[in-house]
Amino acid sequence: MAERVKVGIIGSQFQGDIHAASFQIMPEEAEVVAVCSPTPGHAAEMARKYGIPRVFLDYREMLREKDIEMVTIAAPNTLHCAMTVDIARAGKHVVCEKPLCMTLDEADEMIDVCRREGVLLLYAEELLFTPKYVKAKEMADHGAFGKLYLVKQSEKHFGPHSAWFWDVERSGGGVFMDMGCHSIAFCYWFFDRSPIKSVTCHMGTYVHGAKTRGEDDSICVLEFANGGVGLVENSWAKRGGMDDRTEIYGEGGVSYPNLHMGNAMPTYSEYGYGYAVEKAPSTKGWSYPVFDELWNYGSPHEMRHFARCVRGKEKPRSTGEDGRVVMEALYAGYASAGQGRKIELPFRPEGVKRPIDLWLDQAVPKK
Ligand SMILES: NC(=O)c1ccc[n+]([C@@H]2O[C@H](COP(=O)([O-])OP(=O)(O)OC[C@H]3O[C@@H](n4cnc5c(N)ncnc54)[C@H](O)[C@@H]3O)[C@@H](O)[C@H]2O)c1
């Protein structure tokens, strides 16, 4: 039996914690041996929580550890590309959080460096591993819905937990970039990676204008080469906690997998009770607590799969190339919203620093 894959995690807050918890939930293929984070004390705290033996302030020091084979990036979007280059050059496999990076130039650089160094670039898009959605895809592959014509995917909540998401210089965009990337990847996967032909998008900042220049709500239509249509809706303006749902329409059937509701218990409490679901502001009154939240998202299945890819036991199901497809659709979506028209792909404008600039630079200023 090959040894478990030794993993280092970059980042110790929201998603870094989810990575560590996920490896612990499905521990048979991988073990986390190191964590790093530049804020003194943070990585140490996460190490204590999960029994991780090594702690670093600088990720480059962690990359010198010879036994580490795979490194997961759970740091802000602006850092994904530089970190990937450093990890690949250290000869380690890369798991990169969504969105893949800030620009198509960065996406190409990440893909190239990993290819040159002979390491995997694994794109952490957990919706491709979400048990309920995997079941829906298996049913579609079995012909349950006949020929698919429409896939709707939507992820919404009232906005992210850390300041950098709201600062478009550091995030690259608002909710379309942050959560639209999930929904685009999902539709692309569900339509068997048929190329995206065009993108039409509308977006606005409706609720959080005092806090961000980023859009807090977006609606986007993707046309696929196989004739299918993706309808992607995302929001940071929706109250009441996380909502993630899909609708699948084919000539022969339909399915409405709702990630949270099917797993939740409609609950009323006069007094509140602690934790219900990601980003729910309160547990008083009506709430919808989920059980096994990470399991239902598919994060443990995703990390287990990535470790198995490192051992050659499985072929990567979500790659840097997938992340690049999503990035191109993000560019096209922002440009579409900015110009008020459908954008055909391939779409590769020059000199883009942040996807959102393709919208902000065109948008008519508010009166
Ligand atoms: N898959 C998902 O559903 C999901 C959910 C949340 C976040 N994410 C993604 O994960 C990434 C991290 O987001 P988050 O929510 O954990 O953010 P966060 O703000 O909670 O944590 C960011 C972490 O990055 C670390 N960091 C910052 N600069 C660093 C540096 N130079 N070197 C090493 N570490 C550094 C911080 O110390 C912190 O630990 C983002 O790309 C985000 O889009 C994905």
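The values are calculated or read from the model by the stated rules, or taken from the named source; none is laboratory data. What you see is a predicted model, and the numbers here were worked out from it, not measured in a lab. Note that we place each Cβ from the backbone using ideal geometry, even for glycine, and neighbour counts take in every protein chain shown.
Looking at Ser287 and the list (1) under 17 Å from Asp17 (Cα atoms); (2) of a type in the set (Gly, Ala, Ser); (3) over 16 Å from the mean Cα position of the chain (by Cα), which single condition is not satisfied?
(1)
Restricting to region 68-117, name every residue that is in contact with a helix residue (DSSP H, G or I) (Cβ under 7 Å, 6 or more places away or on another chain) and among the basic types (Lys, Arg).
Arg89, Lys98
Would you check which residues across region 41-68 are acidic (Asp, Glu) and in contact (Cβ under 8 Å) with a residue 40 or more places away in the chain and list them? Full working, then the answer.
Applying the first criterion (acidic (Asp, Glu)) to region 41-68 yields 45, 58, 61, 65, 67.
Once the filter is applied, which keeps residues that are acidic (Asp, Glu) and in contact (Cβ under 8 Å) with a residue 40 or more places away in the chain, region 41-68 yields Glu65, Asp67.
For region 169-207, enumerate the residues that are part of a loop (DSSP other than H, G, I, E, B) and either modelled with pLDDT under 95 or closer than 20 Å to Asp141 by Cβ (or both).
Phe191, Asp192, Arg193, Ser194, Pro195
Scan region 229-287 for residues that are closer than 24 Å to Val199 by Cβ and outside any loop (DSSP other than H, G, I, E, B) and report the count.
Summing the residues that are closer than 24 Å to Val199 by Cβ and outside any loop (DSSP other than H, G, I, E, B) in region 229-287 gives 15.
On the given criteria, is Tyr59 closer than 30 Å to Gly227 by Cβ, of a type in the set (Phe, Trp, Tyr), within 14 Å of the ligand (Cβ to nearest atom) and in contact with a strand residue (DSSP E or B) (Cβ under 8 Å, 6 or more places away or on another chain)?
no
Any chance you could count how many residues in region 294-336 are surrounded by fewer than 19 Cβ atoms within 10 Å (Cβ to Cβ), over 16 Å from the mean Cα position of the chain (by Cα) and not in a loop (DSSP other than H, G, I, E, B)?
1
Among the residues of region 99-112, are any hydroxyl-bearing (Ser, Thr, Tyr) and closer than 22 Å to Ala21 by Cα?
Taking every residue of region 99-112 in turn, none turns out to be hydroxyl-bearing (Ser, Thr, Tyr) and closer than 22 Å to Ala21 by Cα.
Being among the acidic types (Asp, Glu) and farther than 28 Å from Pro346 by Cα is the filter; apply it to region 86-143 and report the residue that is surrounded by the fewest Cβ atoms within 10 Å (Cβ to Cβ).
Glu138
Out of Glu65, Glu45, Glu29, report the one residue that is modelled with pLDDT of 95 or more, surrounded by 18 or more Cβ atoms within 10 Å (Cβ to Cβ), more than 10 Å from the ligand (Cβ to nearest atom) and charged (D, E, K, R).
Every option except Glu29 fails the conditions.
When region 223-241 is examined, which residues are found to be surrounded by 21 or more Cβ atoms within 10 Å (Cβ to Cβ), of a type outside the set (Gly, Ala, Ser) and within 18 Å of the chain's Cα centre (by Cα)?
Answer for region 223-241, where residues must be surrounded by 21 or more Cβ atoms within 10 Å (Cβ to Cβ), of a type outside the set (Gly, Ala, Ser) and within 18 Å of the chain's Cα centre (by Cα): Val232, Asn234, Trp236.
Here is a list of conditions, (1) more than 21 Å from Ile184 (Cα to Cα); (2) in contact (Cβ under 8 Å) with a residue 60 or more places away in the chain; (3) away from the ligand (no atom under 14 Å from the Cβ), and Val71 meets all of them except one; can you say which number that is?
So the condition that Val71 fails would be (3).
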